[in-house]
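*Asks:* Structure provided below as structure tokens; questions to follow.
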Amino acid sequence: MTTAKIRKISQIVQGLNTSDGAGVKLKRILGSPELNQLDPFLLLDEFKNDNPDDYAAGFPDHPHRGFETVTYMVAGSFTHRDSKGHEGHLNAGSVQWMTAGKGIIHSEMPEQADGLAWGYQLWLNLPAQFKMTDPKYQDLPSEKLPVVEEKGIRVKILAGEYKGAQSPGKSFIPFTYLDVSLAPGAVFERTAPPDQSTFIYVIEGKAKTGPETEPSYVKAGFLGVFGEGDLVRLEAGDEKPVRLLFASAQRLNEPVVRGGPFVMNTMGELKQAFVDYQTGKLG
Ligand code: MN
């Protein structure tokens, strides 16, 4: 038996305040100039606004091709509608998982006129062989997402598996996505194989990561990328609880050519996506 190697943080990235859609204020954590992508992750946005002026305009109809969007609502609610006839209500604690595949046009609009709207949208690339798959929509209400609680650790399984509990979400590649809360002194450990890109994004508090003898710390509002190894170790970095998103997925090691809402493997495929959209053949 070999000893697991604890993965150390190799890069820490601060989210960038920007806006998207029809003027929704958000923080772009991944997919920014500082960290354009982390194969197969293409984008991570945090929207967390309690002023309706900053979210009410929502994300009206827009296209996607070549990847999946995984949206996790922490507070508030949005309605999703798309060109394939899917309609979903993203309520607090739910995950909305859309496989754009060969093309879909969708809108994401707030259902509320006041209060906090808080969530995360992650873009997960599709392997070349599945980029033109039929679009798919998975609506995963909060009560269908398992929660594992033990010894100061609470883990909600948004995708993948943790301690034998499995999210009903189906992915094309090995993919784990967890909402992790740790009380001071609690230690979270899980395998994260070397062929997977792995990161945490700290929502609240401060995370302590890496080997106990050589820790590094990631504060709220920052994303930490893990370097080589096969085990991730996390605990609260001070006397306060820490809450974070943990994500790990198998690298595709394929060329990425992205333009706006399309992510393909070649420039020709990207140009075709724009032509198909402009001629009404997408979605
Ligand atoms: Mn979208």
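The values are calculated or read from the model by the stated rules, or taken from the named source; none is laboratory data. Keep in mind that this is a model prediction, so the values were computed, not measured. Because the Cβ atoms are built from the backbone with ideal geometry, glycine has one as well, and the counts that use them run over all protein chains shown.
*Asks:* Of the residues GLY115, GLY88, GLY103, GLY93, only one is more than 19 Å from the chain's Cα centre (by Cα) and closer than 23 Å to LYS156 by Cβ; which?
*Replies:* Only one candidate qualifies: GLY115.
*Asks:* Can you tell me how many residues in region 1-23 are under 18 Å from the mean Cα position of the chain (by Cα) and assigned to a strand (DSSP E or B)?
*Replies:* The number of residues fulfilling the criteria is 9.
*Asks:* Across region 50-88, what is the number of residues that are in a strand (DSSP E or B), more than 12 Å from the ligand (Cβ to nearest atom), surrounded by fewer than 22 Cβ atoms within 10 Å (Cβ to Cβ) and of a type outside the set (A, V, I, L, M)?
*Replies:* Qualifying residue count, region 50-88: 2.
*Asks:* Taking region 173-189, which residues are under 24 Å from MET73 (Cβ atoms) and not in a loop (DSSP other than H, G, I, E, B)?
*Replies:* Hits for region 173-189 are PHE175, THR176, TYR177, LEU178, ASP179, VAL180, SER181, LEU182, PHE188.
*Asks:* Which ones in region 231-264 are surrounded by 14 or more Cβ atoms within 10 Å (Cβ to Cβ), among the charged types (D, E, K, R) and either part of a strand (DSSP E or B) or at pLDDT below 95 (or both)?
*Replies:* ARG233, GLU235, ARG243, ARG258
*Asks:* Failed condition for VAL155, given (1) under 16 Å from ALA247 (Cα atoms); (2) surrounded by fewer than 21 Cβ atoms within 10 Å (Cβ to Cβ); (3) free of Cβ contacts under 8 Å to residues at least 60 places away in the same chain, with all others met?
*Replies:* For VAL155, the failing item is (2).
*Asks:* Quick one: in region 205-215, which of the residues that are surrounded by 13 or more Cβ atoms within 10 Å (Cβ to Cβ) and free of Cβ contacts under 8 Å to residues at least 60 places away in the same chain is nearest to ARG7 (Cα to Cα)?
*Replies:* Checked region 205-215; the qualifying residue nearest to ARG7 (Cα to Cα) is PRO215.
*Asks:* Also, I was wondering about something else. Within region 89-109, can one find any residue that is more than 15 Å from the ligand (Cβ to nearest atom), outside any loop (DSSP other than H, G, I, E, B), more than 30 Å from VAL187 (Cβ to Cβ) and in contact with an Asp or Glu (Cβ under 8 Å, 6 or more places away or on another chain)?
*Replies:* Yes, region 89-109 has at least one match.
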